[in-house]
Amino acid sequence: VGFVSPDFRNHPSHRFLPQTLENLDRERFELFLYSTAEREDENTQVYKMLSNVWRASARMSVRELAKRIHDDRIDVLIDMAGHTAGGRLLVFHLRPAPVQVNWLGYPCTSGLQSMDYRITDSLVDPPGFESQSVEKLVRIDPCFMSYRPPEGLPEVDPTPPSERQSATPMLGGGGVTFVSFNAIQKVNARVVRAWARVLKEARDARLVIRHRGTLQADVRQHLKERLTQAGASPDMVVVEPPAAGVHEAMMAYNHADIALDTFPYPGVTTTCEALWMGVPVVSMEGKTSHARNGLPIMHAAGLGDLVAKDEDAYVAIAVKLAADVERRRELRKTLRGTLESSALRDEKGFARKFEHAIRGMWRERCAGVREG
């Protein structure tokens, strides 16, 4: 089985991929990792150790990489990037492997007729969604991935920051603190409008936004202006520079009461991180695959009722949760344990299902069900 990715490094996918590779049965699966990244880091070494064969492929042309994969006699080739930066979909167009799969790194169909399967689940792609993908859907339920949080994190502070005696210097104190650490590219006009409505309707609330995209002061100012133009008071909005690292980013949730998801492109890694740190997330259920990627995470946490059907419901859910001190206090104490006992944290169980899915694809190929 071959995996092609530019992200065998410090990347959000590192929270979902290593444990799957680690738990695959090496007597039945030989793993070839084709890294198309120009640079390596400490996480790259993890992937090198997990692979049977490591191929540094950044300098290879499309045809060179396709030939290398073909010569390696790969049976099942999995794309981990889709149309994101560094992706090599043109390699899959040349069909170097008899079975080709789209999984994890891209939130919807690849659009390639040469891509045979897409691994998903029944929440992201319920029955009837088949027409949205050129690939055949292979559903791994209840979740199309497993999550492994960073090591070394402390226990969650059981007291919501809105109830603490001392205010944090970053936030100024008082009221409920909403946060969003999602990519700012996802903060579109609809999201801005919804967030401004939440801030106007929730009593004495503020919103803290932080992402690597907010490094520049003019970007922070522009984002704040967008929210104030939509009706939020300037003192309700705090746009911070990015965290210095993963642990600092996770620890910032200790100063958050509620996380506000983006839509129609929801968070995945950020949603897992918020929930792991005891912070409930208000999200939105979309009508397409890419707009539903956060659903299995929210359901794993038992928070299906915090997933809105539309913008009005999103605002109402956020405002109601802000006023529900008892529920937020209880969630802060229990969310990490709920996730830990859910399918989202069942690394070995997911690996077994993943193996079954891959072998099913291979059997279909051998039976001539899927012809390339």
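The values are calculated or read from the model by the stated rules, or taken from the named source; none is laboratory data. Nothing here was measured: the structure is a model prediction, and the numbers come from that model. Don't worry about glycine lacking a Cβ; one is built from the backbone with ideal geometry, like all the others, and counts go over all protein chains shown. Note: accessible area is taken over every heavy atom of the protein model, side chains too, but ligands, DNA and RNA are not part of it. Shrake-Rupley method; radii C 1.70, N 1.55, O 1.52, S 1.80 Å.
Pairs meeting the criteria (first residue in segment 16-37 and at positive phi, second residue buried (at least 17 other Cβ atoms within 10 Å of the Cβ) and modelled with pLDDT of 95 or more, beta carbons under 6 Å, at least 6 apart or on different chains) are lacking.
Yes or no, residue by residue, for (1) under 27 Å from residue 298 (Cβ atoms); (2) out of contact with any Pro (no Cβ under 9 Å at 6 or more places or on another chain); (3) among the acidic types (Asp, Glu):
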position: 33; (1), (2), (3): no, yes, no
position: 37; (1), (2), (3): no, no, no
position: 69; (1), (2), (3): no, no, no
position: 132; (1), (2), (3): yes, yes, no
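Scanning segment 26-37 for residues that are assigned to a strand (DSSP E or B) and not hydrophobic (A, V, I, L, M, F, W, C) yields 34, 35.
Assessment of segment 91-112 against the conditions (open to solvent by less than 10 Å² (accessible area, probe 1.4 Å) and assigned to a helix (DSSP H, G or I)) yields at least one matching residue.
Take residues that are open to solvent by less than 30 Å² (accessible area, probe 1.4 Å) and farther than 20 Å from residue 205 by Cβ and tell me which of the helices (runs of 4 or more DSSP H) falling wholly in segment 288-367 contain 1 or more. Full working, then the answer.
Numbers: elements: 295-300, 311-323, 325-340, 347-366.
Qualifying helices (runs of 4 or more DSSP H): 295-300, 325-340, 347-366.
Taking the listed residues 220, 226, 190, the one that is within 27 Å of residue 84 (Cβ to Cβ) and within 22 Å of the chain's Cα centre (by Cα) is 190, with no other qualifying.
For segment 253-277: of the residues being β-branched (Val, Ile, Thr) and either open to solvent by 10 Å² or more (accessible area, probe 1.4 Å) or in a strand (DSSP E or B) (or both), which is nearest to residue 176 (Cα to Cα)? Spell out how you get there, then give the answer.
Filtering segment 253-277 down to residues β-branched (Val, Ile, Thr) leaves 258, 262, 268-271.
Those left that are additionally either open to solvent by 10 Å² or more (accessible area, probe 1.4 Å) or in a strand (DSSP E or B) (or both): 258, 268-270.
On the way: 258: 8, 268: 23, 269: 23, 270: 19 Å.
Looking at residues that are β-branched (Val, Ile, Thr) and either open to solvent by 10 Å² or more (accessible area, probe 1.4 Å) or in a strand (DSSP E or B) (or both), I get 258.
Among the residues of segment 230-262, the ones that are at pLDDT 95 or above, under 19 Å from residue 330 (Cα atoms) and not small (Gly, Ala, Ser) come to 3 in all.
In segment 341-355, the residues that are over 19 Å from residue 293 (Cα atoms) form Cβ pairs under 6 Å with partners that are assigned to a helix (DSSP H, G or I), at six or more places apart or across chains, as follows: 348/23; 351/20; 351/23. Take the conditions (1) exposed (fewer than 14 other Cβ atoms within 10 Å of the Cβ); (2) free of Cβ contacts under 8 Å to residues at least 60 places away in the same chain; residue 139 misses just one of them, which is (1).
Just the residues that are in a strand (DSSP E or B) and within 18 Å of the chain's Cα centre (by Cα), please, taken from segment 136-163.
If we filter segment 136-163 for residues that are in a strand (DSSP E or B), which is where we start, we get 136-139.
Scanning segment 136-163 gives a single hit, 139.
When restricted to residues that are surrounded by fewer than 21 Cβ atoms within 10 Å (Cβ to Cβ), outside any helix (DSSP H, G or I) and basic (Lys, Arg), segment 186-237 contains 1. Pick from segment 113-130 the residues that are open to solvent by 40 Å² or more (accessible area, probe 1.4 Å) and part of a loop (DSSP other than H, G, I, E, B): which of them is farthest from residue 144 (Cα to Cα)? This residue is 113.
Residues that are within 16 Å of residue 112 (Cα to Cα), open to solvent by 40 Å² or more (accessible area, probe 1.4 Å) and in a loop (DSSP other than H, G, I, E, B) within segment 38-87 comprise 83, 84, listed in sequence order.
Among the listed residues 1, 62, which satisfies the condition of being of a type in the set (Val, Ile, Thr), touching a residue at least 60 places away in the same chain (Cβ under 8 Å), over 22 Å from residue 272 (Cβ atoms) and out of contact with any His (no Cβ under 7 Å at 6 or more places or on another chain)?
Details: 62 fails: touching a residue at least 60 places away in the same chain (Cβ under 8 Å).
Going through 1, 62 in turn, just one is of a type in the set (Val, Ile, Thr), touching a residue at least 60 places away in the same chain (Cβ under 8 Å), over 22 Å from residue 272 (Cβ atoms) and out of contact with any His (no Cβ under 7 Å at 6 or more places or on another chain): 1.
The residues listed here are 101, 91; of these, the one that is among the β-branched types (Val, Ile, Thr), under 24 Å from residue 22 (Cα atoms) and either touching an Asp or Glu at 6+ places or on another chain (Cβ under 6 Å) or in contact (Cβ under 8 Å) with a residue 12 or more places away in the chain (or both) is 101. With respect to being charged (D, E, K, R), on the phi < 0 side of the Ramachandran plot and modelled with pLDDT of 95 or more, residue 157 falls outside the description.
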